[in-house]
Structures are given as C-alpha cells and as structure tokens.
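Here is the structure we will look at.
Bear in mind that the values in this text are calculations on the coordinates, not laboratory data. Since the structure is predicted, the reported quantities are computational estimates derived from the model, not experimental observations. All Cβ positions, even for glycine, are placed from backbone atoms using ideal geometry, and neighbour counts span all protein chains on display.
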Amino acid sequence: MKKICIIHGPNLNFTGIREQGVYGKKNLDDINKNILAKAEEMGMDADIFQSNYEGGIIDKLQQCYFDGVEGIIINPGAFTHYSYALRDAIASVKIPTIEVHLSNIHQRDEFRHKSVTAASCIGQMCGFGENGYILALMAFKMMAEDAKKS
C-alpha cells in the first residue's frame, strides 16, 4: 500500500489550543509533520487534508477514489457521532479506511461512545493520541505485507 490520504475533520485545526488535557499540546502542523515523516519512512506517499466542513470532507473522500488512493486514515471529529452522509461517502469509495481519534471516545461523554462512521471502516484507533495515526499507518503496511504473502 503506497498511496495514503489522512483526513482531519472539524476542530482538529485547533489541536494544541483546545482542551489540551484531552487532545494534547501539539498543534496539527507538528502532528502532520510526524505523520508524513513516518509515512515516508514506511515507503508511503501520504497526502493530508483538514476541513471543518462535512461537504469538504465528502469531496475529498470522493477525490481519493479518482486519485487512486489505496488507504484512508480519517479522524471525523464530531461528525463521527451523527454524519450518515460521511458514513455513506466512506462506504461508497470502497477504499480501506481506518478511523482515528486522539482521545478514547469510549471513556468520554456518552454521546461520543457511538460512531456511525466506524461501520464503514476496516478498523478504529482511539485513545493513543497522535500515535493513533502512526498505528493506522503501521496497520496498512502490515496488511500490504500480508497480502503479498498470500
């Protein structure tokens, strides 16, 4: 798996500013630099996108289909809990997608426990902070290696 797209949803552009005890002190630019460095180290071509708009994220997901993206890592932010449009977009592009959350959504407010988008994803990483993105990259790399062995 070579071509990966990382999509950050609403308010992730405020990482490092908002609720540092929940989301950490690093800003999104620093997190993205780390993701890109790890992806390159693993031989992956990574593209990163962030939007506070549901339609912008859906447009990006659909563009991934046309661009031949092989894997998507998405942090849908609050859209996780109610965006059936985002869920349908993930399902429609038929690209393996891993959902990532900086915090453990299952230990937070009850409304955060339900992810409507996760059902369209091959897996979910939550509670590992920015390392969740790296773990998702590693999962894609291991899946690609397993596929070569088959």
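Which values, in whole Å and largest first, are the semi-axes of the equivalent ellipsoid of segment 79-150 obtained as the square root of 5 times each eigenvalue of the Cα gyration tensor?
Square roots of five times the eigenvalues give 23, 17, 8 Å.
With the Cα gyration tensor of segment 32-83 in hand, give its eigenvalues times 5 under a square root as the equivalent ellipsoid semi-axes, listed largest first in whole angstrom.
22, 14, 9
With +1 on the Cβ of every Lys and Arg and -1 on the Cβ of every Asp and Glu, and nothing else charged, how large is the dipole of the chain about its Cα centre, in debye rounded to the nearest 20?
The calculation lands at about 220 debye.
How about segment 47-128: which chymotrypsin sites (Phe, Trp or Tyr not before Pro) there are in a DSSP loop, with at most 12 other Cβ atoms within 10 Å of their Cβ?
Listed in order of number, the matching sites are Tyr53.
Please list the equivalent ellipsoid semi-axes of segment 4-140, computed as the square roots of five times the alpha-carbon gyration tensor eigenvalues, in descending order and whole angstrom.
Semi-axes from the Cα gyration tensor: 20, 19, 13 Å.
Are there any helices in the chain, counted as whole DSSP H runs, that stretch 15 Å or more along their axis by Cα and score at least -1.0 on average by Kyte-Doolittle, and if so which?
Counting only whole DSSP H runs, the qualifying helices are 28-41, 54-67, 131-149.
Over the chain, what is the mean sequence separation of C-alpha contacts under 8 Å (at least six apart), divided by residue count, expressed as relative contact order in percent?
26
Of the options Ala144, Ile35, Ile48, report the single residue whose Cα projects farthest towards the positive end of the charge dipole of the chain (beta-carbon charges: Lys, Arg +1; Asp, Glu -1).
So the residue we want is Ala144.
As an exercise, use a Förster radius of 41 Å and the Cβ-Cβ distance of Ile17 and Asp146 to find the FRET efficiency, rounded to the nearest 0.05.
With a Förster radius of 41 Å, E is 0.55.
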